[in-house]
1. May I ask you to compute the full-extension gain from Arg160 to Asp50, defined as 0.36 nm times their residue separation minus their alpha-carbon distance, rounded to one decimal in nm?
2. Using the beta-carbon distance between Arg258 and Thr217 and R0 = 51 Å, what value does 1/(1 + (r/R0)^6) give for FRET efficiency, to the nearest 0.05?
3. So for each of 335-341, 41-47 I average, over its residues, the number of other beta carbons within 10 Å; can you give me the resulting order with the highest mean first?
4. At a 10 angstrom cut-off on C-beta neighbours, averaged per residue, how do the peptides 61-70, 210-219 rank from highest to lowest?
5. Give the peptides 355-363, 149-157 in descending order of average Cβ contacts within 10 Å, highest first.
6. Quick one: length gained pulling Ala306 to Ala367 fully straight, 0.36 nm per residue minus the C-alpha distance?
7. On full extension of the chain, what length is gained from Tyr88 through Arg335, given 0.36 nm per residue of separation minus the C-alpha to C-alpha distance?
8. Label-point separation (nm) for Leu277 and Leu414, each offset 7 Å from Cα along Cα-to-Cβ?
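Just so it is clear, none of the values below were taken in a lab; they were calculated from the coordinates. Everything quoted here is computed from the prediction, not taken from an experiment. Cβ atoms come from the backbone with ideal geometry, glycine included; neighbour counts cover every protein chain shown.
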Amino acid sequence: MIVPAVPPAVVAHPLGNFSVNHYDGLQIGRDRIVDNAIVDFAEIPTLQDDAVASDDPAAICTELSRSLRASAAGRPLTFRTGRSALTYRPGAAGLRTSRVTCELTAPAHIDDRTNLTFTNAFRADRVGWREITATAVDVRLTASTAPGTSVSKQLMSYPRDLLGSPLDERSARITAEPGHSTAAAPAHALPAANDLERLTGPAAHSLDDIIGANRVTPLMAGLALLLATALGAAHALLPGHGKTVMATYLAARQGRPRDAAIVGATVTLTHTAGVLLIGLLLTLSSLAGDSVVQWLGVASGALIAAVGAALLTSARRRRHQHTHGHTHTHTHTHRANLLGLGIAGGLVPSPSALVVLLGAVALGRTAFGVAAVVSYGAGMAATLTAAGLLVLRVRSTVKLGHHARKLGPYGALLTGGLILLAGTAIAARNLGALL
């Protein structure tokens, strides 16, 4: 049986606003296999999906049934669509999430020991929770890679400790034979929670509530912008925004406070422009927002690596020339590197900033949404600028030792190499998530 959805309190989707989440509750019987399938669409996929927008769950269930690959004793099984339903729930920033339930049935004959396989390839390119359970009806499961109970209560209550590393069960192998059912496989173990998400969660929920409120007073608007700034600052604390790279660059190049400010301003402009552009693309197309963010992460890493490569090339050229009088060229290159680091730092948008923008646009508060996005960027810039200023402060108060001075001629080469490696690592991590 499929558990009916009960509308919860207004809250952002716990698996992220881009997620498409799957549950397959397999019931293995003597003459059939029933898949009580559920698809939980977060805010942005709900906004984009034509079948959801047109209130057509049967179309989604048909697409889902065609994406299933199953076999019994090596013979392929074909699932047919039965009952279907679509319900909406309040989401972040005045948007909605949606839940589609499908009853899918495939004929099967389990007259003796039978090996079953099952794979769900529905929306395989989207990030999200994927869970499979298997129970028996008038048969006995002698082996199963799928547990008998759902740790998410059929996508109704995601375990808080598993949000940072959601289940990714896309297939199952089951052995069944005639007889009475036995104990099911144990449920999945739960890893540790994400501390930063726990700390910023209340602020994000408060911002979503203000954006989606029926009436926004000036005081509420000011509070929303402060919350957006704080969330942007917290977002910049996550890996992949080039804090270490910028600090290394400023320390090695004898940067000035103005240089840190240039990087911060560039981060704000880049992040704001990126969120506005991606928001427009998501509104006008069915583009997978999570994939866009990952590709931007690849581009950010590549840009950082390019700065590192430029530093290596410049350092090698200077060591061979042993000449002076190139201040203008060096200044021009230095500014270009600062801009490159700033663009790389702001290139990966905050998903919550995207949701706030889309929610504000949907409610006719576009200017308010843009102001919140600018505040997000300002918060990110504050974190990165503070990191740069801290490094400059430490460098100005710490005297170089004898061994550090001996490395002076090779400092630029070392800095370029470190930045090149850091950028490559960032690009590789995001590319790995896409593959």
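1. Numbers: separation 110, 0.36 × 110 = 39.60 nm, distance 3.06 nm.
Residue separation times 0.36 nm, minus the Cα-Cα distance, leaves 36.5 nm.
2. Values: r = 38 Å, r/R0 = 0.75.
Approximately 0.85, to the nearest 0.05.
3. Numbers: 335-341: 19.3, 41-47: 26.9.
Going from most to least packed, we get 41-47, 335-341.
4. Details: 61-70: 18.6, 210-219: 13.8.
Result, highest mean first: 61-70, 210-219.
5. Details: 355-363: 25.9, 149-157: 17.3.
Descending packing order for the listed peptides: 355-363, 149-157.
6. Numbers: separation 61, 0.36 × 61 = 21.96 nm, distance 3.56 nm.
Full extension of this stretch gives 18.4 nm more.
7. Details: separation 247, 0.36 × 247 = 88.92 nm, distance 4.99 nm.
Length gained, Tyr88 through Arg335: 83.9 nm.
8. The two pseudo-label positions are separated by 3.7 nm.
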